Amino acid sequence: MTHAGLMIAAPSADYASILTPEALAFVETLVRTFRPRVLELLERRARVQAEYDAGTLPRFLPETQSVRDGDWTVAPIPEDLKDRRVEITGPVDPKMIINALNSGANMFMADFEDSTAPTWDNQMTGQRALFDAVRRTLTFEDKARGKKYALRDQGLATLLVRPRGWHLPEHHILVDGEPATGGLVDFGLFFFHNAKELLSRGSGPYFYLPKLQSHLEARLWNDVFVHAQDALGVPQGSIRATVLIETLPAAFEMDEILYELRDHSAGLNCGRWDYIFSYIKTLRNHAEYVLPDRGEVGMTQPFMAAYSNLVIKTCHRRGVHAMGGMAAQIPIKSDAEANSAALAKVSADKLREVQNGHDGTWVAHPALIPIAREVFDEHMPARNQIDKARDDVQADAAALLAPPKGSRTEDGLRLNVRVGIQYLEAWLRGNGCVPLYNLMEDAATAEISRAQVWQWIKHGVDVGDAPVTPARLAGVIDDEMKTIRTEVGDARFEGGKFGLARELFESISTADTLEDFLTLPAYAHITTAQA
């Protein structure tokens, strides 16, 4: 299918209601206008990373000191974004969208990014489902289970949408012969079809912005927003976007990011799992920053606490929400004692967040909503606590970089292998959100698993009683592939993509240079499969 300088290199008839000529023209203009700047900023990322690799460390920018010192605030918060105490997130399949909007959470973040494997059908089915959800007409029938799903008449969560990060292309849509920018496709199609409808219903086009590494990337998004609103005759400031602070460089530019988006800002969020991954990636050449087992790197680690508290201080000073992080636990139906312990961890995590000053939090499973809500209701009776200043918090580079303490164990290595391979296998089959070992895993947690293995090999650190080497990793993978086969069963193992997942995991974990994102080499396999 071709539209002027845009070509769709995938079946499109089933998505004619989304891929209209007018919508495609809008996306084409977005990509042609802004893709050059996206590519420039991706090149800038590589240059900055090369500086870190050569020995420098992230820092607060002297050239933007006036922004950090300035007495400014973001635009007033829309009414339906003032109470965000519990947000649920998940992929953009119709059943998930219905269940999440019906869940009792205040907000639902529909995710085209880390919890969605970006197959053509996943992305387009998601756009179509969100179109219907905005108009309250979305239904879904699970014929295998004989169940029908529909949206409630009232009490639905407010919808936010997370497009893909700047680094991810959309190979099924070509503009002037080159792949479109995935985030511009996701944003453009959703905004074109739904912005005016949302405004007519008393809400608005609300977004989450992932994986920003500098205020210049936030400036680009702001320019996209201004362009899009003008192009469709939507009032300026209608768009509101929450930026996930999930990269280490971005933690040093929080004020600047809010400033660039000040007419369109809905605050910042602690994207804790990607932040841990980014800590590894940014400091990959610095041996003193090698992490302990993934399970020991939580929010009580000093560098994580410093980052969370700085998000709160920064947002509240600028008059906007500081959102807490994800509770990835899921119910453990087979073990009441383990389930009780897991839920207690969730409650303690949310208590720490609300007492520190966060204005809301994330959960991955509907069963966690009452727990998070109970904690926030008790300790945050108002709709938010933006008026809670954190003058005790200082912007301290050393605190943000403080190496975490803990042990590196054989069990931690093996868990990284099992999680990384099983997540990749599911992703290659089109599933980006996977329950594994009583946690809901997405691309961010899988990134930690493979990056940590790479880091341990890179620096020759002892894990257990010996260093991790490529040869040792290969032996561990051999063992864990047998364990995975036992856990999933022979039929599922033979019918899946475990061989390819192993190949990808092992190659990126032992490469000379740390791959920026595991989804980039893996994406070639799901686009080829659909061609």
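The values are calculated or read from the model by the stated rules, or taken from the named source; none is laboratory data. No experiment lies behind these values; they were computed from the predicted model shown. Counting neighbours? That spans all protein chains shown, and the Cβs are built from the backbone with ideal geometry, glycine included. SASA here: full protein model, heavy atoms, side chains in, ligands and nucleic acids out. Shrake-Rupley method; radii C 1.70, N 1.55, O 1.52, S 1.80 Å.
Can you grab the distance from the C-alpha centre of segment 176-224 to the C-alpha centre of segment 294-370, Å, no decimals?
First find each Cα centre; the distance between them is then 27 Å.
Roughly what % antiparallel, to the nearest 5, for the DSSP beta bridges in the chain?
Of the beta bridges lying entirely in the chain, close to 40 percent run antiparallel.
Let me know the Kirkwood hydrodynamic radius for segment 303-393, please, with Cα pairs as the basis and the value in Å to one decimal.
Here the Kirkwood hydrodynamic radius works out to 13.7 Å.
Rank by packing, highest mean first: peptides 112-121, 194-203, with packing defined as the count of other Cβ atoms within 10 Å averaged across residues.
The peptides rank, most packed first, as 112-121, 194-203.
May I ask for the distance between the Cα centers of segment 439-488 and segment 2-68, given as a whole number of Å?
32
Mean separation of Cα pairs under 8 Å and 6+ residues apart, divided by the residue count of segment 114-270: what relative contact order is that in percent?
Normalised by residue count, the contact order of segment 114-270 is 18 percent.
Given a cut-off of under 8 Å on Cα pairs at least six residues apart, what relative contact order in percent is computed for the chain?
It comes to 16 percent, rounded to a whole number.
Leaving ligands, DNA and RNA out of it, report the carbon-plus-sulfur percent of the accessible area of the chain at a 1.4 Å probe.
Result for the chain: 51 percent of the exposed heavy-atom area is carbon or sulfur.
What number, rounded to the nearest 500 deg cm²/dmol, is the helix-based mean residue ellipticity at 222 nm of the chain, given -39500 (n - 2.57) per DSSP H run of at least four residues and division by all its residues?
Calculated at 222 nm, the ellipticity per residue is -15500 deg cm²/dmol.
Using only the Cα atoms of segment 418-531, what do you get for the radius of gyration and for Dmax, in Å?
Radius of gyration, then largest Cα-Cα span, for segment 418-531: 14.0, 47 Å.
Among DSSP beta bridges whose residues both lie in segment 1-151, state the antiparallel percentage, nearest 5.
Beta bridges within segment 1-151, antiparallel portion: roughly 55 percent.
Give the label of the value calculated from the structure for semi-axes √(5λ) of the Cα gyration tensor in Å, choosing from (i) 37, 29, 21; (ii) 40, 36, 22; (iii) 32, 28, 25.
(iii)
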